[in-house]
Each structure stands twice: as C-alpha cells, then as structure tokens.
Amino acid sequence: MNKNQNIYVWDTQEAAEKWVQKKNERDRLLGTVTMHMIEQAKLRLDDHVLDIGAGTGDQTLLAAKSVGAQGKVTAIDISQSMISVVNQVMKSENVSNVETMVIDVAKLDVPEETFDAMIARMSLMFVDELEETLTKLYQILKGGRTLSALVWSKAEANPWIAPIMQVLRPEAVLDPLGRPGLFSLSEPDHVQRQFQLAGWEEIQIQKLSITQEYSSAESYVLNHIQTSSGPTAVAWAELNDQEQQNALKKLIEIYQQYETSAKLSLPGEVLLIVASKHG
C-alpha cells in the first residue's frame with residue numbers, strides 16, 4: 001500500500017467516524033498493550049513526544065497526560081479526518097499540550113534531536129521506505145532516549161482479523177516483507193534487521209497476547225463488517241451483493257469454531273518494539 005492508497009483508505013469522514021465508534025472495542029482489545037507501549041517509551045515530565053500515526057488520539061491522550069502540562073506531544077497522521085478527531089478529543093479532555101500535524105512521517109521536517117521519545121501504535125507497518133523513515137526517526141530523537149511501537153504479529157496468530165482479510169482481500173494477509181500492509185512487520189527477525197540498518201540500538205521485540213470477545217460468531221462478523229474502516233471497509237465495498245452474502249456466510253462458519261456455549265473468544269498477538277538511541 002503506497003502513500004496515496006493509505007490516504008484514500010483512511011482520510012475520509014466515514015473512516016474517522018467509524019474509528020470513533022469502535023473506541024470502546026479498541027480499548028478492550030489494545031488497552032493493556034498500549035499501556036505497555038507507553039511505559040516502555042520511558043516518558044518523563046516535560047518531555048516532547050512524537051506520536052507517529054496518531055489515528056484518533058487514544059495513545060496521544062495517554063502520552064500527553066504522562067508528560068505533564070509543561071511537556072508536549074506532537075501527533076501526526078496522514079488523515080485530516082483523524083487529526084480533526086484528535087483535536088476534538090483534546091479539547092473535550094481539556095488537554096492543551098498536544099499539537100497536531102497532517103503529514104506523512106517521511107515528510108516530517110524538524111531539526112535533529114527534536115524529540116525526547118517516540119510512540120507508534122499500529123502505524124509503522126504501513127510506512128513506505130521503512131529503512132529511510134527509521135533512519136530519519138533515529139536522527140530526530142535525542143540521544144539516550146527511546147522509541148516504543150506496536151505492530152501486528154503473524155496473521156495466523158491473529159484469528160480475530162486474519163480470516164476476514166483472507167476472505168475479503170487475501171493479498172493483505174500475505175504481505176511480503178518490505179511491502180507496507182497489516183502484517184508486513186510481523187516477523188521479529190525482519191523488524192530487528194530494519195531497525196539495525198537504520199542505526200538503532202538496544203532493540204527489543206516482545207510478543208504480547210490480546211483477546212477479543214463477543215457473544216457469538218454472527219454478532220462479531222456483522223459488527224466488524226458494519227463498523228470497520230480502512231482496508232476492510234474498502235474490500236467489502238468492492239464486493240457485489242451476492243459476494244457479500246457469500247463472504248458473510250463463510251466468515252460466520254469460520255468463526256463458529258471459536259465459539260463456546262457462553263461466548264466467542266478470539267486470541268490475537270502483537271509485537272512490542274522498543275529501540276534506543278545511545279547518548
């Protein structure tokens with residue numbers, strides 16, 4: 001997925017609205033691992049933090065509160081619609097130490113050693129020219145400080161989403177290493193090499209488990225399809241009515257294998273990447 005495709009997928013009012021609607025669900029799925037990401041960024045009072053791919057600002061708000069009123073978070077995203085939500089969230093939360101920018105991280109033009117820390121939740125796997133971008137991030141981070149990021153682990157470790165992508169858009173699950181996509185940074189060895197080539201030190205990659213729970217396979221599939229934004233929504237819209245009905249039937253059958261008498265429980269896995277720049 002190139003830059004223009006990324007903008008097409010994410011920069012719509014509908015995508016932002018659906019992202020807002022799914023906040024509670026997203027918090028249940030990613031809340032704990034997001035806190036781990038924030039903790040591993042080693043934020044301090046008065047820090048200036050870069051939030052890469054801020055989305056609608058879930059982790060932006062956490063970082064802003066962590067660095068205190070005299071600190072600052074620069075939240076960037078390619079989507080104007082998403083950044084507009086970030087601005088609204090910060091206003092409603094009476095948070096004044098967040099600045100937002102609609103920009104691709106590769107085009108961010110700031111002096112070297114501008115930021116005290118960096119966070120990136122589920123965004124690095126969509127970055128074009130990853131090695132060059134990681135090199136740039138290394139340069140604009142202060143010495144002795146840390147980047148902390150979350151990306152999706154392997155497709156087979158994420159049945160909460162992988163079957164949906166396999167049915168609607170198989171090539172998204174089979175993202176080859178080096179091509180931006182949902183699972184393009186799912187191999188720890190590949191991630192390690194990319195960060196090393198960009199100059200990062202003390203690179204640590206940890207697998208973290210997550211769980212998605214619903215009342216039934218049917219309720220999960222219908223809710224996911226109806227409220228999804230981004231690549232899932234685009235893939236769904238490309239199907240005709242009959243193809244959509246066939247996809248729903250197939251997906252419900254797939255997810256029924258994860259049902260118990262009480263609920264649907266779907267495991268998942270993310271990679272927590274922590275990398276430092278020596279002082």
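Go through (1) among the polar types (S, T, N, Q); (2) touching a strand residue (DSSP E or B) at 6+ places or on another chain (Cβ under 9 Å); (3) surrounded by fewer than 20 Cβ atoms within 10 Å (Cβ to Cβ) one by one and return the number of the condition residue 96 breaks.
(2)
Applying the selection to the stretch 186-217, what residues are in contact (Cβ under 8 Å) with a residue 12 or more places away in the chain, under 22 Å from residue 139 (Cβ atoms) and among the polar types (S, T, N, Q)?
Within the stretch 186-217, 192, 194, 204 qualify.
Out of 275, 237, report the one residue that is over 20 Å from residue 27 (Cα atoms) and in contact with a helix residue (DSSP H, G or I) (Cβ under 7 Å, 6 or more places away or on another chain).
On the way: 237 fails: in contact with a helix residue (DSSP H, G or I) (Cβ under 7 Å, 6 or more places away or on another chain).
On inspection, the qualifying residue turns out to be 275.
Could you check the stretch 79-103 and list, in sequence order, the residues that are modelled with pLDDT of 95 or more and within 21 Å of residue 149 (Cα to Cα)?
83, 86, 98, 99, 100, 101, 102, 103, listed by residue number.
How do the pairs read when you match residues in the stretch 252-276 that are within 30 Å of residue 141 (Cα to Cα) with residues anywhere that are aromatic (Phe, Trp, Tyr) and surrounded by 19 or more Cβ atoms within 10 Å (Cβ to Cβ), using Cβ under 8 Å and keeping only pairs 6 or more apart or on different chains?
269/152; 270/152; 271/152; 273/195; 275/195; 275/200; 276/200
Test of understanding: among 237, 247, which residue is surrounded by fewer than 19 Cβ atoms within 10 Å (Cβ to Cβ), out of contact with any strand residue (DSSP E or B) (no Cβ under 7 Å at 6 or more places or on another chain), in contact (Cβ under 8 Å) with a residue 40 or more places away in the chain and small (Gly, Ala, Ser)? Break it down into steps so the answer makes sense when it comes.
Values: 237 fails: in contact (Cβ under 8 Å) with a residue 40 or more places away in the chain.
None of the other options fit; the residue is 247.
Taking the conditions exactly as written (β-branched (Val, Ile, Thr), closer than 25 Å to residue 267 by Cα and in contact with a strand residue (DSSP E or B) (Cβ under 7 Å, 6 or more places away or on another chain)), does residue 167 satisfy them or not? Full working, then the answer.
Numbers: β-branched (Val, Ile, Thr): yes; closer than 25 Å to residue 267 by Cα: yes; in contact with a strand residue (DSSP E or B) (Cβ under 7 Å, 6 or more places away or on another chain): no.
Against the criterion (β-branched (Val, Ile, Thr), closer than 25 Å to residue 267 by Cα and in contact with a strand residue (DSSP E or B) (Cβ under 7 Å, 6 or more places away or on another chain)), residue 167 does not qualify.
What are the pairs with Cβ atoms under 7 angstrom where one residue, in the stretch 20-31, is modelled with pLDDT of 90 or more and the other, located anywhere, is surrounded by 15 or more Cβ atoms within 10 Å (Cβ to Cβ) and not in a helix (DSSP H, G or I)? Sequence gap at least six, or different chains.
29/210; 29/212; 30/210
Using beta carbons and a limit of 6 Å, which pairs, at least six apart or on different chains, have the first residue in the stretch 41-70 and at negative phi and the second one in a loop (DSSP other than H, G, I, E, B) and among the acidic types (Asp, Glu)?
67/47; 70/46
The values are calculated or read from the model by the stated rules, or taken from the named source; none is laboratory data. Everything numeric in this text was worked out from a predicted model, so none of it was measured. Cβ sites come from the backbone with ideal geometry, for glycine too, and all protein chains shown count toward neighbours.
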